[in-house]
Amino acid sequence: MDESMQFVSDVYFENNGEIDLLTGAMAPERFNQILARDLQLADRNLTQLSIIKAKMNIEMLLGDKFSNNKPQLNYEEVVSDLEAELVRVAFLLKNVFRQSDCICRVHQIGFWIFLVDSGEFQLNQLILRAKQALPPYLDLEISYREKNENQIDWYARVDSLHS
């Protein structure tokens with residue numbers, strides 16, 4: 001296993017069905033419920049839906065800590081630093097996006113942000129502003145829902161971002 005992925009696998013990732021217990025972001029179960037409801041509404045109202053995937057680039061965040069000439073890393077300290085950074089990123093995301101946008105922690109080091117009825121131009125402007133306000137190690141990608149696309153197929157496309 002890649003050393004950086006070893007750290008990621010130990011990052012705290014628990015929720016109570018409503019919120020992520022580390023960051024306070026929405027839990028995947030709640031996110032799925034909201035998205036399923038909005039998919040039905042979007043099909044009736046011809047509303048544009050999109051998901052922004054925000055994933056921490058661990059190599060960029062941790063820099064050269066993995067080079068061979070460095071002293072032994074304190075494993076627990078690195079995991080703790082990653083967790084603290086996740087909390088900070090969640091707070092920053094909440095400041096960048098609208099209160100009505102659903103921010104969900106879907107992975108040890110990643111979030112999805114669900115947006116309703118934002119046109120492509122507005123989303124591109126939002127992404128530009130977000131990239132200025134968010135740390136450079138946070139990779140952002142947009143996935144627009146295709147007309148009448150089901151939830152599972154859309155999730156598969158979102159998952160394939162940053163792969």
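Kindly evaluate residue 100 against the criterion of being modelled with pLDDT under 90 and either buried (at least 19 other Cβ atoms within 10 Å of the Cβ) or in contact with a His (Cβ under 6 Å, 6 or more places away or on another chain) (or both).
Considered against the rule, which asks whether it is modelled with pLDDT under 90 and either buried (at least 19 other Cβ atoms within 10 Å of the Cβ) or in contact with a His (Cβ under 6 Å, 6 or more places away or on another chain) (or both), residue 100 comes out as no.
Test residue 20 against the stated conditions and say whether it is in contact (Cβ under 8 Å) with a residue 60 or more places away in the chain, under 18 Å from residue 85 (Cα atoms) and crowded, with 17+ Cβ neighbours inside 10 Å.
It is true that residue 20 is in contact (Cβ under 8 Å) with a residue 60 or more places away in the chain, under 18 Å from residue 85 (Cα atoms) and crowded, with 17+ Cβ neighbours inside 10 Å.
Could you tell me which numbered condition residue 129 fails, if it satisfies all but one of (1) of a type outside the set (Phe, Trp, Tyr); (2) under 17 Å from the mean Cα position of the chain (by Cα); (3) open to solvent by less than 60 Å² (accessible area, probe 1.4 Å)?
(3)
Of the residues that make up segment 112-124, is at least one surrounded by 19 or more Cβ atoms within 10 Å (Cβ to Cβ) and in contact with a Phe, Trp or Tyr (Cβ under 6 Å, 6 or more places away or on another chain)?
Yes, segment 112-124 has at least one match.
The values are calculated or read from the model by the stated rules, or taken from the named source; none is laboratory data. Just so it is clear, the model here is predicted, and its values are computed rather than measured. Glycine also receives a Cβ, built like all others from the backbone with ideal geometry; neighbour counts cover every protein chain displayed. Keep in mind that these areas ignore ligands, DNA and RNA; they rest on the heavy atoms of the full protein, side chains included. Shrake-Rupley method; radii C 1.70, N 1.55, O 1.52, S 1.80 Å.
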